[in-house]
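What follows is one structure encoded as structure tokens, with my remarks underneath.
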Amino acid sequence: MAQPTTSADDVQWDLTDLYATPGALRSDVEALQKDAQAFASTHRGQVATYNADALASMLDTYETLMDRAGRAHAYAFLRWATDTNDDERGALLQHVREQYAQIQQQVLFVEVEWAQVDDARAEALYNDEALSDYKHYLEVEHKQAEHVLSEPEEQVLSEKNVTGHSAWTRFFDETLSRQRYTVDGDEMSQQEILSQLYEPDRDVRRTAAEAFTEGLVEQQRPLTFVFNTVLADKASTDRLRGYDHWLQARNASNQVEHEMVEALIEAVTGRYDLSGRFYQIKKKLLRLDTMYDYDRYAPIQEATTTYEWDDARSLVLDAYGRFHPKMANIARRFFERNWVDASLADGKRSGAFSHGTVPSVHPYVLMNYTGRSRDVQTLAHELGHGVHQYLSRGQGVLQQSTPLTTAETASVFGEMLVFQELMETQDTPEDRLALLVSKIDDTMATVFRQVAMNRFEDRIHTHRRNEGELSPDAFAKHWMETQRAMFDGSVTLGEHYRHWWSYIPHFLHTPGYVYAYAFGELLVLALYARYQEAPDGFADRYLSVLEAGGSEWPHRLMERMGVDLTNPDFWEEGLVEVEALIDRAESLSDTVSPAAHA
């Protein structure tokens with residue numbers, strides 16, 4: 001096993017559990033094409049005639065094919081993600097996407113024909129014991145029957161996606177990965193320039209914000225075109241599938257009712273005063289007359305602690321282990337078996353993610369580690385995803401993945417465990433306040449900012465469908481109005497900020513995604529409060545929820561934790577916890593001296 005490293009620069013993942021070489025991938029994809037054709041020859045036109053045993057046998061084979069296809073895509077994507085400037089890696093990713101689309105076309109008949117089974121027979125089948133391993137998958141798929149097109153139509157959509165939405169999002173990723181931002185003659189990547197917004201020196205933050213804006217302005221024309229194209233592509237797909245609202249397909253994918261999402265959004269926008277109150281406190285701590293957008297993430301004191309990679313590893317594993325030994329044991333494998341890539345490298349994707357790959361392998365975590373306390377919490381966040389994805393592998397490829405709404409539960413909960421661990425290590429009220437304010441910064445971004453971005457998405461999708469293409473000024477207008485609202489008058493958004501809608505990948509990769517962050521954060525805040533009040537048995541119930549993956553409706557899974565997601569008032573529980581964090585920060589702030597940052 002790999003020994004612990006002392007430098008994050010040496011932490012690079014080993015993808016050989018997926019494929020030994022790109023050549024091995026190409027050979028497997030070629031064989032997979034033939035196997036998919038044979039599968040289609042055997043089963044096409046027969047799905048509606050199968051009894052439960054025959055349907056289960058077919059789904060066993062189908063699941064194996066999907067696992068192999070997912071493995072190929074995961075390898076190509078993860079290999080590209082660490083060097084998006086490498087043309088060969090980009091070409092391999094595109095090749096796999098094209099082959100994947102062709103494989104999908106061969107097996108599309110499964111979901112198309114299942115959707116055509118009448119309701120009574122479908123219900124009888126998915127409730128049969130022989131199909132217990134696929135019950136939820138079958139139930140969810142059949143519920144969306146009215147939005148499933150004919151097999152030839154589905155094949156066309158799958159084929160065109162490769163040169164449509166998928167191609168445009170790749171172009172967006174590579175454009176911003178290559179873009180450089182100049183500060184005092186030095187060129188920086190997006191990851192590096194945005195990290196400057198967390199610096200204590202206000203001039204550094206202001207200069208970084210201006211330089212980042214200049215870079216976005218350079219790319220304004222292509223970025224605006226990509227946004228308009230993806231918006232139009234989604235409108236077209238929604239129209240073909242019979243969705244009435246731009247968010248309807250995302251809600252269906254998230255397995256939540258529209259009313260539940262509306263209740264979440266109304267609850268959060270109705271408490272924008274909490275955001276305003278927090279930033280007023282922070283403005284006072286920073287001794288600022290006016291708080292600008294680039295001041296939001298400023299630390300209230302100089303960071304006195306940095307964390308070597310081994311320190312971060314220990315903090316996360318200790319916190320996880322105190323909650324449940326099984327959680328720490330799984331997370332430890334990521335370090336020991338090289339399932340993490342944490343180095344900083346030119347061309348590497350910015351940010352962080354955990355990729356679940358497929359049940360026959362294991363997840364991989366990518367991040368860009370710089371040694372800040374925020375990076376420790378990011379590691380905890382992504383390993384929370386990783387543990388969730390690892391535990392849910394037993395559900396198989398068709399039911400491993402959870403909807404986006406509950407996909408953030410384990411990550412945010414893992415982050416909360418490590419936050420509490422970090423709080424206990426702080427020696428002074430000043431240090432505790434600095435860490436607490438940083439945590440609330442993240443909560444503001446995860447709850448209020450994500451909902452504000454949902455409001456922006458709602459504006460631009462509606463505009464594109466009703467009025468046509470948006471100009472850069474139209475995007476900027478919607479952006480500034482929706483973002484100003486969340487600050488409740490506490491933060492001044494500079495003129496430069498009107499361009500900052502254009503770098504956010506979720507708007508393009510997964511339209512409608514962002515409210516899931518608020519959903520997950522408020523859910524976890526409520527869950528963590530319950531854990532503190534009644535810890536006995538909580539951890540075991542929690543892990544059982546993670547192990548269930550996507551094998552049950554989210555509201556049913558949360559019932560195991562005593563949570564009723566169908567109650568519109570539930571979101572107030574999480575918002576009460578946000579308010580408690582702000583109260584705690586305000587109380588601590590009365591005991592420390594404000595920083596001189598103006």
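The values are calculated or read from the model by the stated rules, or taken from the named source; none is laboratory data. Since the structure is predicted, the reported quantities are computational estimates derived from the model, not experimental observations. Cβ placement follows ideal geometry from the backbone for every residue including glycine, while neighbour counts extend to all protein chains displayed. When the accessible area is computed, the model is the full protein with side chains, heavy atoms only, and any ligands, DNA or RNA have been set aside. Shrake-Rupley method; radii C 1.70, N 1.55, O 1.52, S 1.80 Å.
For segment 5-41, the set of residues classified as within 29 Å of MET367 (Cα to Cα) and open to solvent by 70 Å² or more (accessible area, probe 1.4 Å) consists of THR6, ASP9, ASP10, GLN12, THR16, ASP17, ALA20, ARG26, listed by residue number. Return yes or no: is LEU379 surrounded by 24 or more Cβ atoms within 10 Å (Cβ to Cβ) and touching a Lys or Arg at 6+ places or on another chain (Cβ under 9 Å)? Answer is yes for this residue. Taking residues in segment 417-432 that are over 14 Å from TYR307 (Cβ atoms) and free of Cβ contacts under 8 Å to residues at least 40 places away in the same chain, and partners anywhere that are in a helix (DSSP H, G or I) and open to solvent by less than 50 Å² (accessible area, probe 1.4 Å), the pairs with Cβ atoms closer than 8 Å and at least 6 places apart or on different chains are MET423/LEU435; MET423/LEU436. Kindly evaluate TRP339 against the criterion of being of a type in the set (Phe, Trp, Tyr) and more than 22 Å from the chain's Cα centre (by Cα). No; evaluated as a whole, the condition is false for this residue. If the condition is being under 19 Å from the mean Cα position of the chain (by Cα) and hydroxyl-bearing (Ser, Thr, Tyr), then segment 432-461 contributes THR443, THR446. Across segment 477-494, the number of residues qualifying as in contact (Cβ under 8 Å) with a residue 24 or more places away in the chain and either open to solvent by 20 Å² or more (accessible area, probe 1.4 Å) or under 24 Å from the mean Cα position of the chain (by Cα) (or both) comes to 8.
Once segment 214-223 is narrowed to residues that are open to solvent by 10 Å² or more (accessible area, probe 1.4 Å) and part of a helix (DSSP H, G or I), the residue that is nearest to TRP168 (Cα to Cα) is PRO222. In this entry, PRO429 passes the filter for residues that are modelled with pLDDT under 95, over 18 Å from VAL11 (Cβ atoms), more than 13 Å from the chain's Cα centre (by Cα) and open to solvent by 20 Å² or more (accessible area, probe 1.4 Å).
Select the helices (runs of 4 or more DSSP H) contained entirely in segment 504-562, then report the ones holding at least 2 residues which are closer than 28 Å to TRP168 by Cα.
506-509, 515-533
Against the numbered list (1) touching a residue at least 60 places away in the same chain (Cβ under 8 Å); (2) of a type in the set (Val, Ile, Thr); (3) open to solvent by less than 20 Å² (accessible area, probe 1.4 Å), VAL112 comes up short only at (1).
Can you find a residue that is surrounded by fewer than 20 Cβ atoms within 10 Å (Cβ to Cβ) and over 21 Å from the mean Cα position of the chain (by Cα) anywhere in segment 69-83? Checking segment 69-83: not a single residue is surrounded by fewer than 20 Cβ atoms within 10 Å (Cβ to Cβ) and over 21 Å from the mean Cα position of the chain (by Cα).
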